[in-house]
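Undergrad: Below you'll find the structure I mean.
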Amino acid sequence: MATKGVGMANKGPSFGLSRQVQDKIDSKYDTELEQILVEWISRQCGSGVGKPEAGKTGFQTWLKDGCVLSELINSLFTGDKPVKKIASSPAAFKQMEQISQFLNASEKYGVTKTDMFQTVDLWEGKDLAAVQRTLSALGSLAITKEEGTYKGEANWFFKKAQENKRDFSDDQMKAGKNVIGLQMGSNQGASQEGMSYGRPRQIM
């Protein structure tokens, strides 16, 4: 006989080690970064997305259904928008699906997998610092790409390092092959004369 109201989605308060782990994750959440991210998202998407209540819970609630995130990623693309349908829904699976669309579009934009949060990090509030990390990486990319879509302050995010590609002519490449790097040294005139390796082993 099934017990009414019991399911995998219901989770009580965490104790012991799981509480310590959650406290450590929570301590990485940056309230100053939250203010920057909220201001950037509001500027980027316009007044239609509103602003959250200050604090971690308000930030999570604002982003939880995935709609604000989808508006954000769409605002960074100049041509075709990656998230075709943005619709708020009370259904949990629809909200998670909307978050997944944001994550896929962010990866397409250039955010690395190591900078990505997992859907549960946001939806269940497991690791909102990871959500901040993803949004910061997105902001950094937007500044770095200089496509004219970024609407925030230049000092809010770091510019990502760009590849410094060099083109050498064939003559320069051939000339480079004749140069011996200093780290290679030279063994010209080297011998073991005068070197001591300790006393020879006496075998009796």
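The values are calculated or read from the model by the stated rules, or taken from the named source; none is laboratory data. Quick caveat, the model's predicted, so the values are computed rather than measured. With ideal geometry, Cβ positions are generated from the backbone for all residues, glycine too; neighbour counts draw on all protein chains shown. Only protein heavy atoms, including side chains, enter the accessible area calculation; ligands, DNA and RNA are left aside. Shrake-Rupley method; radii C 1.70, N 1.55, O 1.52, S 1.80 Å.
Undergrad: Testing Asn164 on (1) modelled with pLDDT under 85; (2) under 21 Å from Glu34 (Cβ atoms); (3) not small (Gly, Ala, Ser), one condition comes back false. Which one is that?
TA: Every listed condition holds for Asn164 apart from (2).
Undergrad: So which residues in segment 76-105 are outside any loop (DSSP other than H, G, I, E, B), open to solvent by 30 Å² or more (accessible area, probe 1.4 Å) and among the small types (Gly, Ala, Ser)?
TA: Those that are outside any loop (DSSP other than H, G, I, E, B), open to solvent by 30 Å² or more (accessible area, probe 1.4 Å) and among the small types (Gly, Ala, Ser): Ala92, Ser100.
Undergrad: On to the next question. Taking interchain pairs and intrachain pairs at least six residues apart, which have beta carbon atoms under 6 angstrom, with the first residue in segment 50-68 and buried (at least 19 other Cβ atoms within 10 Å of the Cβ) and the second charged (D, E, K, R)?
TA: Phe59/Glu34
Undergrad: Would you be able to tell me the number of residues in segment 1-49 that are at pLDDT below 85, open to solvent by 90 Å² or more (accessible area, probe 1.4 Å) and of a type in the set (Asp, Glu)?
TA: Of the residues in that region, 0 qualify.
Undergrad: For segment 42-58, what are the residues that are in contact with a Ser or Thr (Cβ under 9 Å, 6 or more places away or on another chain) and not basic (Lys, Arg)?
TA: Gln44, Cys45, Gly46, Val49, Gly50, Pro52, Glu53, Ala54, Gly55
Undergrad: Please specify each residue of segment 141-150 satisfying the condition of being open to solvent by 40 Å² or more (accessible area, probe 1.4 Å) and in a helix (DSSP H, G or I).
TA: Across segment 141-150, the qualifying residue is only Lys145.
Undergrad: Please tell me if Glu153 is more than 25 Å from Asp65 (Cα to Cα), touching a Leu at 6+ places or on another chain (Cβ under 9 Å) and either assigned to a helix (DSSP H, G or I) or at pLDDT 65 or above (or both).
TA: no
Undergrad: Go through segment 106-140 and report how many residues are in contact (Cβ under 8 Å) with a residue 40 or more places away in the chain, open to solvent by less than 20 Å² (accessible area, probe 1.4 Å) and within 24 Å of Lys81 (Cα to Cα).
TA: So the answer is 6.
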